[in-house]
1. Please arrange Thr202, Thr330 by counting, for each residue, the other beta carbons lying within 10 Å of its beta carbon, fewest first.
2. Can you pull a Stokes-Einstein diffusion coefficient for the range 128-231 at 10 °C (1.306 mPa s), Rh from Kirkwood over Cα pairs, as a whole number of µm²/s?
3. Sorting check: for 253-264, 124-135, 36-47, 82-93, which peptide has the highest mean count of neighbouring beta carbons within 10 Å, and how do the rest follow?
4. Can you work out D for the range 30-153 in µm² s⁻¹ from Stokes-Einstein, where Rh is the Kirkwood radius over C-alpha pairs, the temperature is 37 °C and the viscosity is 0.692 mPa s?
5. Which one of Thr316, Thr211, Thr165 has the biggest mean-square fluctuation once the chain is modelled by GNM with Cα springs under 10 Å?
6. Separation between the Asp108 and Asn30 pseudo-spin-labels, each 7 Å from Cα along Cα→Cβ, expressed in nm?
7. Within a 10 angstrom radius of the beta carbon, how do Leu243, Leu376 rank from fewest other beta carbons to most?
8. Which order do peptides 285-291, 173-179 fall in by mean Cβ count within 10 Å, highest first?
Amino acid sequence: MNDLYRPFIKNDSHRKYFDKAGQLSSKVKNRADKQDEAAVFSPENLKDLKTARYFSLPLPEEYGGENISLYEFLLMQEKLAEGDGAVALSVGWHLGIVMELRDEQLWDSKMFEKIAQEIASSQKVLNRAASEPATGSPTRGGIPETRAVPQDGKYIINGKKTFTTMADVLDYYVVSAYIEDRDAVGWFLIEKGLSGVQVDHTWDTLGMRGTGSDDLVLTDVEVKADSLVEMADGKKSNPKGWLLHIPACYLGIAIAARNDAIAFAKNFQPNSLDHPISEVGHIKQKIGEMELKLMSARYFMYSVAERWDNEPAERTHMGAELAAVKVVATNAANEVVDLAMRIAGGRGLSKKYPFEKYYRDVRAGLHNPPMDDAVLNMLAART
C-alpha cells in the first residue's frame, strides 16, 4: 500500500515525518469507532499526539519546534487521516494556525513567544472559534455577533461560537468578536478555564463526529487588553497554504477506503464464483477509477505545496491554485469512497465494516471552506 506514497516521499526528512504520522495513524485507527460513537475527541489520542510532540512541529526551531514545511505537513496529515480523518482534521487546524502565525507574524512577538513556549514545553493546543449560528461560515463575510466591550482597561466578551473543533480539549480559543468602541472585528486569545467560558455539547452530526466540534459559550468573560492579538483590517487576506490540510485529510480518508476496498475484493469470493471478486471486470474498472482519481488529485496537491515551499515570492499569487486543490481533492475523495462502497456492496452499509464511516466522514469535506461555488467563481473571474 505504501506504493501510493512512494512518489511523494523524496528525502529523509519526508520519510521521518511520514513514519511518525504512520505510527500515530495506527494508534488512532484503533479508537476511531469509539470516538465516532461518542462524538468526542479522544483523550487517549490527545495524549499520544502530545507524547509524539506533534503539536509543536510547525514552530520555528528556536522555539522548540521543527519548522516543518507545508509539503511535510500535508504528508503527515494525509497519513494520519488514513487512521482516522476526524483526528487529522482536528489537529490540522492547530498545526495550520501555528504555521500561519509563524509565517505571517500576525501577533505581537512577545505574545507569540509566550504561546510558542507553552506549545513546545507542554504541547498546548489552540484553535480559532469563528463560526456562529447567525453568520454561518466566516468565509462568507458575516460580522460576528460575539461582542467585546472595553471596561477598566480590560474587555468583557459575550457570545456563542459553533463548530469549535476539539472544544473540550483545547487549551486556548482564538475568538473573533466585534469590538464596539473600535467598530471593527478583532481576535482574542482566551484561555480555557476562565470564568464564563463553557463548552455546550451540541455536536451530533452525520460525519466527522470525532472532531468534537461543540459550541463555545462565552458569558461575561473578562480578558486583559493584550488578549486582543489580531485586528481585521478589512484588506484581502493573503492566500493560506496551510488550509491544504483540508484536502490532505479527505484524501487520506479516500486512501483508507481504497485500501480496504481492494483488500475486501481480494478476499471475498461468493459461491457463485471460483475466484475473488477482484478478478471481476467491473470491479477491476472501479479499482482503476479509484487509482486515477487519487493519482490526479494527489499530484496536483503535492505539486502546489512544493511550489508554495520553494517559491515564497509567488505565494500572494497562489490563491486560485490553493482553492482549486481543495475542490478537486475533496470531490475526488468523495468519488473514491463511493466507488469503494460499490465494491463492498451491501456490506459497505454495515457497521461491521469501516466503509460507512468513510462515507460519512468524507462528505464533510464538501462543507469545509472554501466552498465549490466560491472557488469556481474565483476561477471564472480570472478569465
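Nothing in this text is a laboratory measurement; each read-out follows from the coordinates by a stated rule. Note that the coordinates shown come from a computational prediction; the quantities given were computed from them, not determined experimentally. Every residue, glycine as well, gets a Cβ built from its backbone with ideal geometry; the counts of neighbours run over all protein chains shown.
1. Working: Thr202 15, Thr330 26.
Result, fewest neighbours first: Thr202, Thr330.
2. Answer from the Stokes-Einstein relation: 116 µm²/s.
3. So the peptides 253-264, 124-135, 36-47, 82-93, ranked by packing, come out 82-93, 253-264, 124-135, 36-47.
4. 201 µm²/s
5. Thr316
6. 4.6 nm
7. Sorted ascending by nearby Cβ count, the order is Leu376, Leu243.
8. Averaged packing, sorted descending, gives the order 173-179, 285-291.
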